[in-house]
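Structure first, commentary second.
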Amino acid sequence: MKKLVYLVMLMVCSAQKNTEDLFESAFTFPEESKTTHVRIMPKSTQTVINTVTVCLRFFTHLTRDYSLFSLALPEQANSFLLWREKDGVYSVYVNDQVVFPGLKGVLNQWNSLCATWETTTGLAQVWLNTKSSPRKSVSPGYSIRGIPSIILGQDQDSYGGGFEAAQSFVGSMTDVYMWDSVLSPKEIQYYMTGIIVRPGNVVDWRQMVFTVTGAVVEETSVLGFVYHCN
């Protein structure tokens, strides 16, 4: 059954090759919804990932919990998840285990968020608006194995679905990147100031293959950052 699911996902990805440069663009999720989301097709065809960095920027008024970046596998819905808790803390789930770094964002302004994790020690870290959390261990020895389903704006309770309106993101999102490596603190600080040191080799905002479902609006970003990509 898993092989069949993987084959179907490969066919879907190969059938949608509209790669778009989203430089100076943002996705706006205008309303709470149990269907509205953006599905990202990863650039890489590799099926084993042992190190991860995910970075994105977001703008919201929400005070409840919600999902920002959800990576699911057929056997594990929360393989890698960036999540905002009810108390305002941004957390990372790896293999359905959670780390609470203690960092809080700011409402009604742009926030820059990065999270890193690696399998050997399980060390994970969150960066929010240039501030870093302590490094904590979560799911050491775990690997992301298989073809990932990557969703913006919803939390996957099942592979590619299981959405709940009460967990959806409302606001705007831009500059979404994923690497199969742990970026250095200097590279992350560069990202926080709007400098993209190297393209994402799993997810790259400048070479994005995606599909939109529901009321998502693609519009011009007004962040005011000066971008540079080596």
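Just so it is clear, none of the values below were taken in a lab; they were calculated from the coordinates. Just so it is clear, the structure is predicted and the values come from calculations on it, not from any experiment. All Cβ positions, glycine included, derive from the backbone under ideal geometry; neighbour counts span all protein chains shown.
Two decimals is fine: what's Rg over Rh for region 100-139, C-alpha atoms, Kirkwood radius as Rh?
So for region 100-139, dividing Rg by the Kirkwood Rh gives 1.04.
GLY122's amide H: which non-local residues (gap 5+, or another chain) put their own amide H closer than 5 Å, with H modeled 1.01 Å from N in plane and none for Pro or chain starts?
Answer set, sorted by chain and number: GLY141.
If you place +1 on the Cβ of every Lys and Arg, -1 on the Cβ of every Asp and Glu, and leave all else neutral, what size is the dipole of region 2-221 about its Cα centre, to the nearest 20 Debye?
I would put it at about 480 debye.
With springs connecting C-alpha atoms under 10 Å apart, model the chain as a Gaussian network and identify which of THR53, THR220, THR28 has the largest mean-square fluctuation.
Sorting by GNM fluctuation, first place goes to THR220.
Quick one: net charge of ASP87's neighbours, Cβ under 13 Å, K/R +1, D/E -1?
+2
Would you mind ranking PHE58, PHE100 by Cβ crowding within 10 Å, fewest neighbours first?
Listing PHE58, PHE100 from fewest to most nearby Cβ atoms yields PHE100, PHE58.
Within region 170-199, whose backbone N sits under 14 Å from a point 7 Å along Cα→Cβ of SER132?
What the label zone holds, given the 14 Å backbone N cut-off, is 182-192.
What fraction of the DSSP beta bridges in the chain is antiparallel, stated in percent and rounded to the nearest 5?
Antiparallel bridges: around 95 percent, rounded to the nearest 5.
Of VAL216, SER25, THR51, which is farthest along the charge dipole of the chain in the positive direction, counting Lys and Arg as +1 and Asp and Glu as -1 at C-beta?
Value: THR51.
Cut-off 20 Å, label point 7 angstrom out along Cα-to-Cβ of HIS61: give me the residues of region 194-222 whose amide nitrogen falls inside.
Residues 215-222 qualify, since their backbone N sits under 20 Å from the label point.
Sorting ARG145, ARG84 on the 10 Å Cβ count, fewest up front, what's the list?
If I rank by nearby Cβ atoms, fewest first, I get ARG145, ARG84.
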